[in-house]
Amino acid sequence: MRYIIGSDKYHVAGNWNGIWKAQAPHKARHLLWRLCRGCLPTRYRLLERRVECNLNCPVCDEEIEDEIHIFFRCAVARDSWCAAGLSSVLHNDAYQQANAMDRIFVVCSNENSDIVGRVAMLLWCIWQNRNDKLLNDNVQTPRQIGRYVFYAWNDWYSVHKLQSNSESGTTEADLVRWEKPALGWVKCNVDVAFVPGSGRTSVGLCFRNNRGQVMAGMTQWQQTVMSSVEGES
């Protein structure tokens, strides 16, 4: 169980809206979020957490693996950017910041949501390729990675647009909006999710005052499967 109280001290300034508005699958946007929060377990990041490990990049075995290297400087990654048709983004002089977080935020600010989505999908594939090499000693060529990014993103985009068009008839009255509590009260919102077959149910709670400020939060998982209605009741 994890509690978050006084969440302001955990805030990292940046264009977070640009990440969540990216036209990409949630898994790809989530990877951007983890990258910008410093949550990806690169070997350099593990060393910072006092985990002893080989620091070399598991893909090229030439340089220390940090976020900048694995996504932007590794030879396989750089060739993958080109194969995915995104070399103009990789080599843009405006996107040469010293750390990956700043690069992502600037890309999100300067590029449209479609390009940001394609970049997110590419980075997700680069990270998956890295993990496959590390865990299974299997690695794809940059051409394979780039081709997968191109077709996977286009397939997702086509379906997403089709769904958006079919839902375009939704009226303003149909939208559910958060309503603030009365002065002096704190409102608790609950969300529950489960994956069939996993045997687990995850629960999230968020407490906010009448100004919409987060007062506390909690996430928890239980070794049981329940419906979302049961979990939120």
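Pairing each residue of the range 170-194 that is over 13 Å from F207 (Cβ atoms) with any residue that is modelled with pLDDT under 80 and outside any loop (DSSP other than H, G, I, E, B), provided the two are 6+ apart or on different chains, yields C-beta distances under 6 Å for V192/V203; V192/S228; V192/G231; V192/E232; A193/S202; F194/T201. I want to confirm something. Restricting to the range 53-72 and keeping residues that are charged (D, E, K, R) and surrounded by 15 or more Cβ atoms within 10 Å (Cβ to Cβ), which single residue is farthest from N110 (Cα to Cα)? Ranking the candidates gives E63 first. Limited to the range 97-149, what total is found for residues that are polar (S, T, N, Q), closer than 19 Å to D79 by Cα and assigned to a loop (DSSP other than H, G, I, E, B)? Final tally of qualifying residues: 3.
Of the residues making up the range 54-66, none is modelled with pLDDT of 90 or more, closer than 30 Å to V159 by Cβ, in contact with a Lys or Arg (Cβ under 9 Å, 6 or more places away or on another chain) and not in a helix (DSSP H, G or I).
Take the conditions among the charged types (D, E, K, R) and surrounded by 15 or more Cβ atoms within 10 Å (Cβ to Cβ) and apply them to R49. Does it pass? No: the conditions fail for R49.
Would you confirm whether or not the range 202-219 contains a residue that is modelled with pLDDT under 80 and among the hydroxyl-bearing types (S, T, Y)? So far as the range 202-219 goes, yes, one or more of its residues are modelled with pLDDT under 80 and among the hydroxyl-bearing types (S, T, Y). The residues listed here are K27, K21; of these, the one that is basic (K, R) and in contact with a Ser or Thr (Cβ under 6 Å, 6 or more places away or on another chain) is K21. Each residue in the range 73-95 was checked for being farther than 26 Å from R45 by Cα and surrounded by fewer than 18 Cβ atoms within 10 Å (Cβ to Cβ), and 6 of them qualify. Return yes when A98 is small (G, A, S) and surrounded by fewer than 13 Cβ atoms within 10 Å (Cβ to Cβ) and no when it is not. Against the criterion (small (G, A, S) and surrounded by fewer than 13 Cβ atoms within 10 Å (Cβ to Cβ)), A98 qualifies.
The values are calculated or read from the model by the stated rules, or taken from the named source; none is laboratory data. Computed from a predicted structure; not experimentally measured. Ideal geometry is used to build each Cβ from the backbone, glycine not excepted, and the neighbour counts take in all protein chains shown.
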